[in-house]
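The values are calculated or read from the model by the stated rules, or taken from the named source; none is laboratory data. Here the structure is a predicted model, which means the values were calculated and not measured. FYI the Cβ positions are ideal-geometry reconstructions off the backbone, even for glycines, and counts take in every protein chain you see. When the accessible area is computed, the model is the full protein with side chains, heavy atoms only, and any ligands, DNA or RNA have been set aside. Shrake-Rupley method; radii C 1.70, N 1.55, O 1.52, S 1.80 Å.
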Amino acid sequence: SQTIHQWPATLVQPVGSPLSLECTVEGTSNPNLYWYRQAAGRGLQLLFYSVGIGQISSEVPQNLSASRPQDRQFILSSKKLLLSDSGFYLCAWSVAGQAYEQYFGPGTRLTVT
Amino acid sequence: EDQVTQSPEALRLQEGESSSLNCSYTVSGLRGLFWYRQDPGKGPEFLFTLYSAGEEKEKERLKATLTKKESFLHITAPKPEDSATYLCAVQEYTGGFKTIFGAGTRLFVKA
């Protein structure tokens, strides 16, 4: 069966510090991978998605970036965090190709102080 | 503008009191509609996929239906453990697949 991991679970970082969130998927090959941010009481905002190694599409211009160094590894980064980067970050995967459902990781709660 | 609207924002039910959640959408080319359940502080859990109008899916006390403009999540005789936020998402194809999430309906079921 497929499993998706995210770490860390919670993170408190000062403004201006760097960020690195990691997501890994087990039990599947060549998945589509996604990074979302969820603000309190709001829907999920798609930040990045990837259909393959090194292939990253950005949905929202911001100070965040994403990378996919391996087939089942997806990393979300920032060089300098802003207060507005606080939120709940979710990684998800889906089967490549058609309209398939996405499966989400447990999430990372980021607080920028 | 493509969008997904869920109503109500919050719903409070007594245990055993059946009701429905609504998800209305305006997209150019629907490829799939998804329902998820999200517990506080956790990632969304996939429930159903619906692909075409008239399709229905069931799981325990939940039943999802789809028309050309909206979907309903029917909850029959809910229990307190059904309390959660229910998210609707629509996937469209516009040169590439794009998924749009609604803001969710927070369901509270009181014993």
Positions within segment B:62-75 being in contact with a strand residue (DSSP E or B) (Cβ under 9 Å, 6 or more places away or on another chain) and either loosely packed, with under 14 Cβ neighbours inside 10 Å or closer than 24 Å to B:Ser28 by Cα (or both), in sequence order: B:Ala64, B:Thr65, B:Leu66, B:Lys68, B:Lys69, B:Glu70, B:Ser71, B:Phe72, B:Leu73
Selection count where residues are among the β-branched types (Val, Ile, Thr) and either surrounded by 21 or more Cβ atoms within 10 Å (Cβ to Cβ) or in a strand (DSSP E or B) (or both), scope segment A:29-77: 3
Since A:Glu101 meets every condition but one in (1) outside any loop (DSSP other than H, G, I, E, B); (2) at the interface with chain B (Cβ under 9 Å from one of its Cβ atoms), which condition does it not meet? (1)
Residue list for segment B:1-45, filter: facing another protein chain (nearest Cβ under 9 Å) and assigned to a loop (DSSP other than H, G, I, E, B): B:Glu9, B:Gly41, B:Lys42, B:Gly43, B:Pro44
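Hey, any hits in segment B:4-22 for a residue that's of a type in the set (A, V, I, L, M), closer than 19 Å to A:Leu44 by Cβ and loosely packed, with under 13 Cβ neighbours inside 10 Å? It would help to see each step written out before you state the result.
As a first pass, look at segment B:4-22 and keep what is of a type in the set (A, V, I, L, M): B:4, B:10-11, B:13, B:21.
Those left that are additionally closer than 19 Å to A:Leu44 by Cβ: B:4, B:10, B:21.
So of that shortlist, the ones also loosely packed, with under 13 Cβ neighbours inside 10 Å come out as B:10.
Looking for residues that are of a type in the set (A, V, I, L, M), closer than 19 Å to A:Leu44 by Cβ and loosely packed, with under 13 Cβ neighbours inside 10 Å, one finds at least one in segment B:4-22, hence yes.
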For segment A:78-98, what are the residues that are within 12 Å of the chain's Cα centre (by Cα) and not in a strand (DSSP E or B)? none
Looking at segment B:85-103, which of its residues are modelled with pLDDT of 95 or more and open to solvent by 10 Å² or more (accessible area, probe 1.4 Å)? B:Thr85
First in segment B:54-72 and over 21 Å from B:Gly16 (Cα atoms), second anywhere and among the charged types (D, E, K, R) and not in a strand (DSSP E or B), Cβ under 6 Å, 6 or more apart: B:Leu66/B:Glu55
Scanning segment B:85-111 residue by residue, those within 13 Å of the chain's Cα centre (by Cα) and at positive phi turn out to be B:Gly104
If we scan segment B:10-20, do we find a residue that is in contact with a Ser or Thr (Cβ under 6 Å, 6 or more places away or on another chain) and within 15 Å of B:Phe101 (Cα to Cα)? no
Could you check segment B:63-93 and list, in sequence order, the residues that are within 14 Å of chain A (Cβ to nearest Cβ), closer than 22 Å to B:Glu17 by Cα and β-branched (Val, Ile, Thr)? B:Thr85
Consider only pairs whose beta carbons are under 7 Å apart and that are at least six residues apart or on different chains; among these, list those whose first residue lies in segment B:25-41 and is within 16 Å of B:Lys57 (Cβ to Cβ) and whose second residue is modelled with pLDDT of 90 or more and open to solvent by 50 Å² or more (accessible area, probe 1.4 Å). B:Gly32/B:Tyr51; B:Tyr36/B:Glu45; B:Arg37/B:Glu45
Can we say B:Glu55 is under 15 Å from the mean Cα position of the chain (by Cα), modelled with pLDDT of 95 or more, open to solvent by less than 60 Å² (accessible area, probe 1.4 Å) and of a type in the set (Asp, Glu)? yes
